[in-house]
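Novice: My questions will all concern the structure given below.
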Amino acid sequence: METRHNIIKKAAVIFNKKGFYGSSMTDIMQSTGLEKGGIYRHFKSKDELALEAFDYSVDVLRQTYRAAALQAQTAEGKLLAVLSVYAGQGQTPPLEGGCPLLNTAVDSDDTHPLLKQKARDAMEEWLHFLNQIITEGIHTGEFRPDLPIEQVCVFLTSVFEGNIMMLQLSKNHQYTEQYLEQLKAYIHKCMK
């Protein structure tokens, strides 16, 4: 079981950096130190490994975001904590290579229906998570009761993923600083 978990963990980084089609079994063999037979002893195919690696990646994100939210006492604090996970504020990215949802959505677009569906399901879970935080903020009186929650969640996610993409492309943390400044201003406008 430990070998299987190690393969998944290392493959998750490779798939996240190179995508499904850009990743080879040779890449995974080099990363794990296993021969092809050692990998196929645990997985029927590259597809099966990719799907499990994506599940692992999403779980890493899930745990990271939930831990960030638990550190805050208010809904505003939770949103800021969760949406600044990739901002490099004392934390390293949860998974090397950027956001696996963004990477997988782009990589699997009309080429790998099972991975695309997993990315879609993970995005729905993420939007639900943000929805819960905003709903909590409305119930505690922090946020305006007339907020269009779904629209806010979609907007925050779009800006968040856009910031990750810009950071990956440019490695310029100035963009992230600007993102955080605008994020704080936007969230403040959502408050009573």
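Novice: Picking from PHE155, PHE20, PHE129, which is most flexible by a Gaussian network model of the chain using Cα springs under 10 Å?
Specialist: The residue that fluctuates most here is PHE155.
Novice: Give the separation of the Cα centroids, region 10-25 to region 102-148, in Å.
Specialist: 24 Å
Novice: Kirkwood Rh, Cα Rg: Rg to Rh for region 147-192? Display every interim value, and only then the final one.
Specialist: Numbers: Rg = 11.7 Å, Rh = 11.3 Å.
Result: Rg/Rh = 1.04.
Novice: Calculate, in whole percent, how much of the Cα-Cα pair population of region 1-49 lies beyond 16 Å. Kindly include the intermediate steps, with their values, before the conclusion.
Specialist: Details: 292 of 1176 pairs.
I get 25 percent for the Cα pairs in region 1-49 exceeding 16 Å.
Novice: Just need the relative contact order of the chain here, percent rounded to a whole number, with Cα pairs under 8 Å and 6+ apart. The partial results should precede the final answer.
Specialist: Details: 176 pairs, mean separation 39.4, N = 192.
With pairs under 8 Å counted, the relative contact order is 21 percent.
Novice: Another question, then. Select from VAL159, LEU183, ALA50 the residue farthest towards the positive end of the dipole of the chain; place +1 on Cβ of Lys and Arg, -1 on Cβ of Asp and Glu, and compute about the Cα centre.
Specialist: Highest projection toward the positive end goes to ALA50.
Novice: Let me ask something else about it. Taking the Cα atoms of region 34-192, report the difference between the largest and smallest coordinate on each principal axis, in whole Å and largest first.
Specialist: Projected onto the principal axes, the Cα atoms of region 34-192 cover 59, 32, 30 Å.
Novice: Sticking with this structure for a sec: When the helices in the chain are scored as -39500 (n - 2.57) per DSSP H run of 4 or longer and the sum is shared across all residues, what 222 nm value do you end up with, to the nearest 500 deg cm²/dmol?
Specialist: Roughly -24500 deg cm²/dmol at 222 nm, from the helical runs in the chain.
Novice: Rounded to the nearest 10 degrees, what's the angle between the helix 46-70 long axis and the longest principal axis of the chain, both from Cα atoms, 0 to 90?
Specialist: Orientation of helix 46-70: about 30 degrees from the principal axis.
Novice: LYS192: which lysines have alpha carbons under 19 Å from its alpha carbon, excluding same-chain residues fewer than 8 sequence positions away?
Specialist: Candidates past the 8-residue exclusion: LYS78, LYS184.
Novice: Please tell me which of these pairs span more than 26 angstrom C-alpha to C-alpha: LYS44/LYS171; LYS18/LYS116; LYS9/LYS46; LYS9/LYS118? Display every interim value, and only then the final one.
Specialist: Numbers: LYS44/LYS171 37 Å; LYS18/LYS116 16 Å; LYS9/LYS46 14 Å; LYS9/LYS118 17 Å.
Flagged as over cut-off: LYS44/LYS171.
Novice: Ok, one more. I'd like to know how region 20-112 sits against the 2.2 N^0.38 Å rule of thumb: what's its Cα Rg over that expected value?
Specialist: Details: Rg = 16.4 Å, N = 93, 2.2 N^0.38 = 12.3 Å.
Output field value: 1.33.
Novice: How big is the Rg/Rh ratio for region 102-192, C-alpha atoms only, Rh by Kirkwood, two decimals? Don't jump to the answer; show the numbers that get you there.
Specialist: Details: Rg = 15.3 Å, Rh = 14.7 Å.
Here Rg/Rh amounts to 1.04.
Novice: Check PHE143: other-chain or 5+ apart residues with amide H under 5 Å from its amide H, H built from backbone geometry?
Specialist: Distant-sequence amide H within range of PHE143: ILE138, LYS192.
Just so you know, all these numbers are worked out from the coordinates, no wet-lab data involved. Remember, it's a predicted structure, so these values are computed and weren't measured experimentally. So basically every Cβ, Gly included, is an ideal-geometry build from the backbone, and we count neighbours across all protein chains shown.
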